[in-house]
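Asks: Dropping a structure here in structure tokens format, bear with me for questions.
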Amino acid sequence: MNIAIFSDLHGRLLLAFQLCRRWQRETGENIDLILQAGDVGAFSDVQRLDKATRRYAEQDPTELGFLEHFRHYDSAVDKVLAGTTCP
């Protein structure tokens with residue numbers, strides 16, 4: 001069983017899935033489980049951000065990746081997820 005473990009993604013969920021897809025492609029093995037172990041950064045509304053997150057996101061917009069890629073359907077995300085085997 002192959003388990004991908006991520007922590008402290010801070011909104012970079014798409015990057016995690018891209019890494020899983022790449023690992024599968026390069027090794028020829030499947031990932032059976034993806035475990036996200038904290039600080040996912042799944043903000044659903046930019047108005048509800050705390051000051052530190054807002055300030056950091058100004059420097060690094062990927063901090064708000066959940067808002068950008070997972071709050072609504074995104075065909076680019078669908079293509080990445082289609083390249084993984086983990087449900």
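Asks: Based on what the data block shows, is A52 in a helix (DSSP H, G or I), without any contact (Cβ under 8 Å) to a residue 12 or more places away in the chain and among the aliphatic types (A, V, I, L, M)?
Replies: Here the answer is yes, as A52 does meet what is asked.
Asks: Answer yes or no: is there a residue in the stretch 59-67 that is of a type in the set (S, T, N, Q), touching a Gly at 6+ places or on another chain (Cβ under 8 Å) and free of Cβ contacts under 8 Å to residues at least 60 places away in the same chain.
Replies: Checked the stretch 59-67: at least one residue is of a type in the set (S, T, N, Q), touching a Gly at 6+ places or on another chain (Cβ under 8 Å) and free of Cβ contacts under 8 Å to residues at least 60 places away in the same chain.
Asks: So which residues in the stretch 6-35 are over 20 Å from A76 (Cβ atoms) and assigned to a strand (DSSP E or B), if there are any at all?
Replies: Of everything in the stretch 6-35, those that are over 20 Å from A76 (Cβ atoms) and assigned to a strand (DSSP E or B) turn out to be L33, L35.
Asks: How many of the residues in the stretch 12-42 are surrounded by 17 or more Cβ atoms within 10 Å (Cβ to Cβ) and in contact with a His (Cβ under 9 Å, 6 or more places away or on another chain)?
Replies: Total satisfying the criteria: 4.
Asks: Going through the stretch 43-57 one residue at a time, which ones are surrounded by 11 or more Cβ atoms within 10 Å (Cβ to Cβ) and either acidic (D, E) or under 19 Å from H69 (Cα atoms) (or both)?
Replies: Correct list: F43, V46, L49, T53, R54, Y56, A57.
Asks: Do we find that L15 is within 22 Å of P61 (Cβ to Cβ) and without any contact (Cβ under 8 Å) to a residue 24 or more places away in the chain in this structure?
Replies: It is false that L15 is within 22 Å of P61 (Cβ to Cβ) and without any contact (Cβ under 8 Å) to a residue 24 or more places away in the chain.
Asks: Test each condition in (1) aliphatic (A, V, I, L, M); (2) farther than 12 Å from T85 by Cα; (3) out of contact with any Phe, Trp or Tyr (no Cβ under 9 Å at 6 or more places or on another chain) for A37 and report the one that comes out false.
Replies: (3)
Asks: Starting from residues that are of a type outside the set (A, V, I, L, M, F, W, C) and assigned to a helix (DSSP H, G or I), keep the ones in the stretch 58-72 and report whichever is surrounded by the fewest Cβ atoms within 10 Å (Cβ to Cβ).
Replies: Among them, the one singled out is Q59.
Each reported figure results from applying straightforward, stated rules to the coordinates on display, with no laboratory input. As the structure is a computational prediction, the values presented were derived from the model and not from experiment. Virtual Cβ from ideal backbone geometry, glycine too; neighbours counted across all protein chains shown.
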